[in-house]
Amino acid sequence: MYNKKKLSQIILSGLMAVSFSSISLPIEAADMGLHVDQVGYLPNYSKVAMVTDSNDTTFEIIDTKDNKVVFKGNLSEPKYDKISEETLRKADFSSLNVPGTYILKVGNRESYDFVIGDDVYDVPMVQSWRSYTLSRTNTAINDDKVSGLKLEGGHKQDKEARVYFSDKLNNKGDKIDVSGGWYDAGDYGKYITTGALSSAELLLAYEANPDHFTKGQLLFPKGIENNTNMPDVLSEVKFELDWMEKMQREDGSTFHKVSGLTWPGFDISPDTDKQDRYIFSTATSSTAMYGASLAIASRVYEQYDKDYAKNLKQNAEAVWQYLEKNPKPIYRVDEGQENGSGPYNKNTDLEERLWLAAEMFRTTGDAKYESYLKKESKRLTDKPSFFTWDDTLALAQFAYAKSNNADKQLQNKVINALSSYADDICTSIKTDSFNCSLKENEYTWASTKNALTKGDILLMAYQIKPKQEYLEGALAQIHYLFGRNSLDKSFMTGVGDNPPLHPHNRIHESTGAYVSGLVVGGPNHVIGGDPDQTEYLNSGNIPIAKSYLDVVGSWSTNEYAIDYISSAVYALSWFAEPDSVKVEDLKYNK
C-alpha cells in the first residue's frame, strides 16, 4: 500500500517550495498530475481518476504484478477547474473489476498504486476506529506492535478536576471525577459537543450495518480489553459514553468541557502534563447533544446490556426534563475559561433540541417528543446543511425519518427536505471536476470533514430513498479523502502513499509515535485560520483547493479531531466489513 520511492519524494505536501517562518515546503513531487484514490476502488462501483491535462488523450491501467497493460481508455475532454486552477481530464476505468494492484499511466507519467477489491477499505476502517482507542485519556497504553505509542495514562488528575465556577449546584473548586473519555484533537481537552456528536455518528454507523462489526476486530493494544459480549466498536464508544455521564449534573444538564488553564507545549505528553484540570461552563446546546447520543446508545446497547441501556435512556430523559424547565438557550462564560481549550460556543440550541426530541421519539415512541417536533415543524422541515457540532438539523431529520409510527404528513415533509439536500449534494458532485461535494465557500476549517459528512448524509438518505447515485456520491468523498484531490494528498494519517506526516497533534510530537487513522482538517481558504496558513495564503495566489499545509503549526488545516474521524468512520463502515485484518496490516512504515 505504501510506495516508499514516491513517498521519499514528498517531504510534506507536494506543493511548490516556499519558505515562511517555520515552514519549509518541497519541490513538486513526481507524477502529481495523476489524481487517484491511493487506497483503491470497489469492483462494482465507478472507478475514475482525474488527470491534469498534458495534451495526452489516452490512458492505460497497468498491473503492478507483471507490469502488463490490462486496460486502455480515452481521456475525457479537458475542463478547467476554478477551485484547483487546474485543467483536468477524466480517466474512467469502471469496467475493470478484476482484483489486483494497479497504476494509472498517461504518457510517461505514472500514478501512485491503488487496489481494486472488495476489501480495500477494511484496513482504513479499522485504523480510524482504532484511533479512538489510542486517544483514550487516563488510560495506560502500550501499542508496541502497531504505532509504538506508549503512555502511562494521561491526566490522572481528571479524577479530581476542579469546577471553575459557582452556581446553585456547585461551588468553585469542587472536585469531581471526570476521568475517561477521548482527547478531542491535537490538544488535551475533552468536550461534550464533539464527544456527543462523534459517539452518535459511530453508533449510527453500527446501527446501519451491525453485521459489519465483531469482537476482536480492533486489535486492542496491551492493557485494553473487551471483557463484554459486544463488538469492539461498542466497547470503545462505551468508554466515551461513560465519561460523558460523569459530566451530567443532578439537574439533568451537563458541564461543557474539561481541560487545563494553559495550552501544553508540543513537548508535553499526556502523562507529563501535570497542570490542574478544570471543569468549565454549561450549555443547553451541548447538553441536548449529549442527550441525543444517549438516546441512540440506549437503542444500540439494549441487546447487549439491558440495565445499561435503561440507565442511558433515563439520563437522556433527565436531559429532556432539564431543557423543558430551561426553554431559553444557555451558554455560560467565565473569564479565562478559553485560555487552554477551544470554546465550542453556541448561543442558540434549537437544532440540538430537535435532534434530541427526534432521537427520543425514535427510541421511545413517546408522543411528547413528537409534540415538540410538531411545535417546531417550521425549522424541522427546512432544507438542512451538513451536520456539525453547531448544527444538527440533518441528524434530527434522519432520526424522525426513521421513526416508527410518526405522523406521516410531517414525516414526509422531513424526508423531502433531507432528500432534497441529498440531491443538491449529488448535483455538486457532478459539477465538480474532482467529484468532490465541496462548494467554494465550504473550503473552511474542517473542509475534509465537511465533504465526508455530505457523503454520510447521502448514505443516510439512501436508507430512506435508495438511489445508486447516493452510494456513488458517498464513495466519491472517500476518494477525495484518500488522494483524489488536487494535492494528491490523503487526509488520513498512515493511509495512502502521501498521508499527513506532520499533523497538529501533541501526542505525536511529544512521544514520537505515529498514530494512523486520524483525519486532518484539509484545505482552508479563509485567511486567519492560523499563523502558518495565513502567511501561506498571503504569499501569493493559492488556489482554494490547495490551501493546505502539512506542518505541525497549521492547526486550521492539519489538526485532527474526533468528529472529523467519525465522519470518515461512518462512510468506511458502510463499505467495509473487515473480519481478517491483522496487526501487520495496520503498521505504517514511514
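The values are calculated or read from the model by the stated rules, or taken from the named source; none is laboratory data. Just so it is clear, the structure is predicted and the values come from calculations on it, not from any experiment. In this analysis, Cβ positions are derived from the backbone assuming ideal geometry, glycine residues included, and neighbour counts consider all displayed protein chains. What goes into the accessible areas is simple: the full protein's heavy atoms, side chains included, and nothing from ligands, DNA or RNA. Shrake-Rupley method; radii C 1.70, N 1.55, O 1.52, S 1.80 Å.
Would you say ILE61 is more than 30 Å from GLU440 (Cβ to Cβ) and either of a type in the set (Val, Ile, Thr) or at pLDDT below 95 (or both)? Here the answer is yes, as ILE61 does meet what is asked. Report, ordered by the first and then the second residue, all pairs with beta carbons closer than 7 Å, sequence separation of six or more or different chains, a first member in region 207-227 that is without any contact (Cβ under 8 Å) to a residue 40 or more places away in the chain, and a second member that is of a type outside the set (A, V, I, L, M) and open to solvent by 30 Å² or more (accessible area, probe 1.4 Å). Partner pairs satisfying both residue conditions: ASN226/LYS215; ASN226/PHE220.
Condition check ((1) among the small types (Gly, Ala, Ser); (2) open to solvent by 10 Å² or more (accessible area, probe 1.4 Å)) across all residues:
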site	(1), (2)
ALA367	yes, yes
ASN405	no, yes
SER428	yes, yes
GLU442	no, yes
ALA446	yes, no
ILE457	no, no
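Among residues of region 565-590 being of a type in the set (Asp, Glu) and at pLDDT 90 or above, the one that is surrounded by the most Cβ atoms within 10 Å (Cβ to Cβ) is ASP585. Under the condition of being in a loop (DSSP other than H, G, I, E, B) and closer than 10 Å to ASP187 by Cβ, the residues counted in region 258-272 number 3.
In region 177-196, the qualifying residues are those that are of a type in the set (A, V, I, L, M) and either more than 14 Å from the chain's Cα centre (by Cα) or over 19 Å from PHE280 (Cα atoms) (or both), and the one that is surrounded by the fewest Cβ atoms within 10 Å (Cβ to Cβ) is VAL178.
Only helices (runs of 4 or more DSSP H) whose full extent lies in region 336-384 are considered here, and the ones with at least 1 residues that are under 22 Å from ASN450 (Cα atoms) and touching a residue at least 12 places away in the same chain (Cβ under 8 Å) are 350-364, 377-380.
Restricted to region 163-194, and to residues that are touching a Lys or Arg at 6+ places or on another chain (Cβ under 9 Å) and in a helix (DSSP H, G or I), which residue is farthest from TRP389 (Cα to Cα)? This residue is ILE192. Total residues in region 319-333 satisfying the condition of being assigned to a helix (DSSP H, G or I) and open to solvent by 30 Å² or more (accessible area, probe 1.4 Å): the figure is 3. The number of residues in region 22-58 being modelled with pLDDT under 95, of a type in the set (Ser, Thr, Tyr) and in contact with a helix residue (DSSP H, G or I) (Cβ under 8 Å, 6 or more places away or on another chain) comes to 1. For region 199-242, taking the residues that are part of a loop (DSSP other than H, G, I, E, B) and among the β-branched types (Val, Ile, Thr), the one that is surrounded by the fewest Cβ atoms within 10 Å (Cβ to Cβ) is identified as THR214.
Of all residues in region 287-314, those that are open to solvent by less than 60 Å² (accessible area, probe 1.4 Å) have Cβ atoms under 7 Å from Cβ atoms of residues that are among the polar types (S, T, N, Q) and not in a helix (DSSP H, G or I), 6 or more apart or on another chain, in THR287/SER253; THR287/THR254; MET289/THR392; TYR290/THR254; TYR304/THR228; TYR304/ASN229. Considering region 121-137, the residues that are over 19 Å from SER269 (Cβ atoms) and among the β-branched types (Val, Ile, Thr) include one that is most open to solvent (accessible area, probe 1.4 Å), namely VAL123. Under 6 Å between Cβ atoms, at least 6 apart or on separate chains: pull out the pairs that start in region 497-514 with a residue that is more than 14 Å from ILE565 (Cβ to Cβ) and end on any residue that is open to solvent by 10 Å² or more (accessible area, probe 1.4 Å) and in a helix (DSSP H, G or I). That search, which allows pairs on different chains as well, returns ASP497/LYS6; ASP497/LEU7; HIS504/TRP555. Within region 382-393, the set of residues being over 15 Å from ASN347 (Cβ atoms), open to solvent by 10 Å² or more (accessible area, probe 1.4 Å) and under 15 Å from the mean Cα position of the chain (by Cα) comprises PHE386, THR388. With respect to the stated conditions, ASN405 fails to be in contact (Cβ under 8 Å) with a residue 12 or more places away in the chain, part of a loop (DSSP other than H, G, I, E, B) and within 25 Å of the chain's Cα centre (by Cα). Residues of region 243-265 that are out of contact with any strand residue (DSSP E or B) (no Cβ under 9 Å at 6 or more places or on another chain) and open to solvent by 40 Å² or more (accessible area, probe 1.4 Å): GLU250, ASP251, THR262, TRP263. So, ALA396, is that one touching an Asp or Glu at 6+ places or on another chain (Cβ under 8 Å), aliphatic (A, V, I, L, M) and surrounded by 21 or more Cβ atoms within 10 Å (Cβ to Cβ) or not? In short, yes. If you scan region 46-77, which residues turn out to be farther than 23 Å from VAL98 by Cβ, open to solvent by 60 Å² or more (accessible area, probe 1.4 Å) and not polar (S, T, N, Q)? Hit for region 46-77 is GLU77, nothing else. Given the criteria farther than 15 Å from PHE491 by Cβ, surrounded by 21 or more Cβ atoms within 10 Å (Cβ to Cβ) and modelled with pLDDT of 95 or more, does TYR548 qualify? No, not satisfied.
For region 334-363, the candidate set comprises residues that are closer than 20 Å to THR392 by Cα and of a type in the set (Ser, Thr, Tyr); within that set, the residue that is most open to solvent (accessible area, probe 1.4 Å) is THR348.
Within region 90-116, being on the phi < 0 side of the Ramachandran plot, assigned to a loop (DSSP other than H, G, I, E, B) and not polar (S, T, N, Q) holds for PHE93, LEU96, VAL98, PRO99, TYR112, ASP113.
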